[in-house]
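Here is the structure we will look at, set down as structure tokens.
Readers should treat all values here as calculations from the given coordinates under stated rules, not as data from a laboratory. Just so it is clear, the model here is predicted, and its values are computed rather than measured. Quick reminder, even Gly has a Cβ in these numbers, built from the backbone with ideal geometry, and neighbours come from all protein chains shown.
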Amino acid sequence: MTDTLEKTITVAVAGNPNSGKTTIFNRLTGARQHVGNYPGVTVEWKEGSVRRGDWRLKLYDLPGTYSLTAFSDEELVARDFLLNHRPDVVVDVVDASNLERNLFLTTELLEIGLPVVLVLNMSDVARDSGHRIDTHLLARRLGVPVVAAVGNKGQGLEDLIEAVTEVAISGTSLPGPADLCREAGPATEALAHLSTHSGGLRPDYGPVAERHLKRIAALLPTGESARWRTIKLLERDNAVLEEIPDPEVRREILHIAEEFAGQADKGATDTVLAASRYEFITKLCDGVLRRDKQDGPSVSDRIDRWTMHPVWGVPIFLGLMYGVFTLTFGLGNPVMDLLDRGFTALGGLISGLWPAGGTSPLRSLLVDGVIGGVGGVVVFVPNIVLLFLAIAVLEGTGYMARAAFVMDRFMSKVGLHGKSFIPLLIGFGCTVPAIMATRTLESRRDRLITIMVLPLMSCGARLPIYALMIPAFFPSHLQGPVLWIIYVTGIVLALVGARLLRATLFKGENTPFVMELPPYRLPTVDSLLVQMWTRAWLYVKKAGTVILGAAIILWFLTVYPKPPADYVVPAGFDKTTISSETQFSQLQDPAQIQSAELSYSIAGRVGRVLETVLRPLGFDWRIGTALVGAVAAKEVFVAQMGIVFAVGEVDETSDVLRHRLRERYAPLVGFCIMLFTLISTPCIATFAITRQETGSLKWAIAQNLGLTLLAWVVTFIAFHGGTMLGLGGT
């Protein structure tokens with residue numbers, strides 16, 4: 001065991017997706033868990049604990065996987081933990097209503113040689129479906145404890161804990177198939193040719209395969225997981241092959257594997273061995289699994305007639321998504337407004353600690369930097385909580401798998417996977433959780449393509465910019481169409497970008513859309529609350545800290561250095577109030593002073609440098625300065641424009657700022673500002689989450705540079721095209 005002095009048992013909870021594995025984990029650990037990323041990769045996993053008497057069970061909820069062949073990051077994490085961390089016990093959770101398919105992973109776990117406790121979860125669903133499972137016979141044949149459970153109701157979990165503790169203490173499983181010799185009947189005869197290993201029945205891959213497996217085994221040192229590694233080497237698994245240091249041994253193993261492939265079905269070694277596993281499972285279940293005859297289709301089948309209908313499936317999905325976003329913003333906005341007022345009051349309270357009219361760097365840092373930065377993130381928490389709750393409900397009921405299946409036909413035509421549709425939808429709310437949602441994609445190629453184009457989905461943080469610009473430049477009858485054009489432009493660019501990425505950087509065959517359609521079920525309240533809480537906390541912890549740091553840096557850039565008294569403000573700096581060169585010390589208007597200070601600050605100077613690059617787009621240094629602030633968060637653009645135009649603290653409803661914008665810019669420039677902020681580099685939180693989820697800084701940099709270049713090109717075309725059409729006049 002891991003540490004007998006502390007009486008700790010390390011338990012890996014493994015199983016297929018939709019087997020109820022995480023539900024059992026949540027039931028056992030409750031709030032005693034935390035979520036993190038597996039070291040070296042970006043796959044999320046959970047760790048928790050449960051105590052019984054003197055024993056502490058330390059549980060690790062591994063990502064759901066159908067096998068231990070590492071096609072995805074999730075499978076890689078599960079496999080690496082089992083092989084290299086060697087837990088004391090593996091709790092293998094299988095869907096009792098789909099026993100034969102779920103036992104495929106079980107055969108691999110047993111071949112690794114770790115102590116296993118088999119959990120037949122959703123036993124009530126299996127029973128209602130007419131499945132009768134002889135758990136005692138299954139336990140004796142496999143040589144492992146078998147526990148029937150209903151995870152969402154907490155049934156069977158005490159038996160599970162007892163079985164795990166007993167296996168960990170003894171280090172052995174149940175008596176092996178020697179007892180089978182005393183069984184009578186056709187089931188025993190059907191299993192007579194199967195091999196026995198480690199106290200239980202294991203697949204026999206046939207004389208040809210077994211002969212080649214022995215030849216490979218002779219080249220390897222004996223040790224843990226020897227049988228499983230030998231099988232993987234016969235399948236030419238690159239990850240296992242790279243673990244062999246001797247190149248001569250690797251070449252000999254490849255020669256043996258190729259020789260077997262030549263004798264197999266056109267080289268499909270893994271298919272041949274998988275078929276042997278399923279043949280073993282079929283014979284194993286003979287006498288264990290009995291199916292009562294069912295009358296008519298199941299409840300899930302009847303619901304799927306509508307939700308997966310070729311005509312009605314898409315409208316039903318879109319209707320549900322509309323309901324999700326209506327719930328998210330309809331219920332979340334009042335709470336968000338309340339939080340916003342709370343942060344405003346807190347800022348006023350902090351400001352009141354200083355004398356009226358006085359200035360203080362500390363006051364500015366606390367109010368504008370810390371409170372403003374944290375508040376800009378925390379106010380969105382109600383929306384995030386409701387969004388994750390709605391998604392958890394759709395996932396928990398089993399509908400989300402249907403939605404991805406329904407949309408796969410269209411998504412595949414533009415180079416995206418069907419499962420990419422859900423993150424793209426989430427992106428209209430916030431890009432950060434949308435990028436986190438790409439973890440459901442098995443292929444790294446599909447994940448990267450989706451992540452790279454996700455910022456083109458117009459998130460809620462851009463709405464304040466649109467709400468400022470559209471009423472400022474367009475009459476009421478054009479405001480709706482202009483907003484529609486902006487959103488559609490982002491969607492079209494995302495689809496075109498995905499297609500180009502698939503054809504260039506991410507060439508290769510499309511990942512086949514393979515997804516289990518679990519039966520519909522009612523998720524438990526505690527499971528939904530745990531998912532909602534963990535996701536919301538991750539958002540606050542990761543995005544909030546990044547935004548806070550960026551806001552403090554941005555505050556410093558817009559405040560320092562202070563202009564000296566003899567600094568000459570250039571003529572035309574603010575054409576409505578400053579008509580000639582004026583020394584800074586002679587300025588009296590607080591708004592003029594604030595604008596001049598910004599011009600002299602680092603951010604103002606950067607804006608003037610950027611003017612050279614932005615001038616072809618119709619932008620001046622003022623817009624460039626505001627774009628610097630938008631790097632931290634898109635909403636900051638509005639506040640920065642207010643400072644630049646010396647109208648004090650404004651929000652998106654400020655008529656004063658709109659009037660100033662109309663005086664200086666044409667409607668075409670206002671449209672180009674929205675276009676550029678839609679496409680260009682996303683906020684710093686998106687940059688951070690992209691780096692985390694891709695596991696590489698280069699992809700985050702490439703995303704920012706690529707989107708900014710695309711924004712410049714598209715805005716350039718729009719500005720000059722509009723000018724040629726006579727739309728550029730003031």
(request) Return the whole-Å distance between the Cα centroid of the stretch 400-451 and the Cα centroid of the stretch 666-730. (result) 22 Å
(message) Counting pairwise Cα distances across the stretch 673-718, what percent come out greater than 18 angstrom?
(response) 30 percent
(message) Test of understanding: what is the full-extension gain from residue 301 to residue 246, defined as 0.36 nm times their sequence separation minus their Cα-Cα distance?
(response) 14.4 nm
(message) Let me check against my output: what whole-number percent is the relative contact order of the stretch 195-291, with C-alpha pairs under 8 Å and at least 6 apart?
(response) 29 percent
(request) Any of 58/419; 21/214; 419/634; 46/153; 46/283 with alpha carbons more than 29 Å apart? Name them for me. (result) 58/419; 21/214; 46/283
(request) Note down the net charge around residue 456, summing +1 for each Lys or Arg and -1 for each Asp or Glu among other residues with Cβ under 14 Å from its Cβ. (result) +3
(request) Calculate one ³J(HN,Hα) per residue across the stretch 594-600 by plugging θ = phi - 60° into the Karplus curve 6.51 cos²θ - 1.76 cosθ + 1.60, and present them in order as whole Hz with x for glycine and proline. (result) 4, 5, 5, 4, 5, 4, 7
(request) In nm, give the distance between the simple-model label positions of residue 613 and residue 312, each being 7 Å from the Cα along the Cα-to-Cβ direction. (result) 5.3 nm
(message) Given a Förster distance of 22 Å, report the FRET efficiency between residue 414 and residue 697 from their Cβ-Cβ distance, rounded to the nearest 0.05.
(response) 0.20
(request) Could I have the simple spin-label model distance between residue 170 and residue 51, label points 7 Å from Cα toward Cβ, reported in nm to one decimal? (result) 2.7 nm
(request) Taking H placed 1.01 Å from N in the peptide plane, check which residues at least 5 places from residue 155 or on another chain put their amide H under 5 Å from its amide H. (result) 150
(request) Could you pull out every residue, at least 5 positions away or on a different chain, whose amide H is within less than 5 Å of the one on residue 65? Hs are placed 1.01 Å off N in the peptide plane, and Pro or chain starts have none. (result) 15, 16
(request) Calculate one ³J(HN,Hα) per residue across the stretch 717-726 by plugging θ = phi - 60° into the Karplus curve 6.51 cos²θ - 1.76 cosθ + 1.60, and present them in order as whole Hz with x for glycine and proline. (result) 5, 5, 5, 6, x, x, 5, 5, 8, x
(request) Search the structure for amide H atoms under 5 Å from the amide H of residue 52, placed 1.01 Å from N in the peptide plane, and list their residues when 5 or more places away or on another chain. (result) 57
(request) Compute the normalised compactness of the stretch 195-291: alpha-carbon radius of gyration over 2.2 N^0.38 Å, N being the residue count. (result) 1.16
(message) Between residue 159 and residue 344, what's the calculated FRET efficiency when r is the beta-carbon distance and R0 is 51 Å? Round to 0.05.
(response) 0.40
(request) Please work out the FRET efficiency for the pair residue 605 and residue 507, using the Cβ-Cβ distance as r and a Förster radius of 45 Å; give the result to the nearest 0.05. (result) 0.55
(request) Please turn the phi angles of the stretch 521-531 into ³J(HN,Hα) values with the Karplus equation 6.51 cos²θ - 1.76 cosθ + 1.60 (θ = phi - 60°), one per residue in order, whole Hz, x for glycine and proline. (result) 8, 8, x, 7, 5, 5, 5, 5, 5, 5, 4
(request) Quick one: go through the stretch 235-265 and flag any residue whose amide nitrogen is under 19 Å from the point 7 Å out along the Cα-to-Cβ line of residue 222. (result) none
(request) With a point put 7 Å past each Cα toward its Cβ, work out how far residue 724 is from residue 136 in nm, to one decimal. (result) 8.5 nm
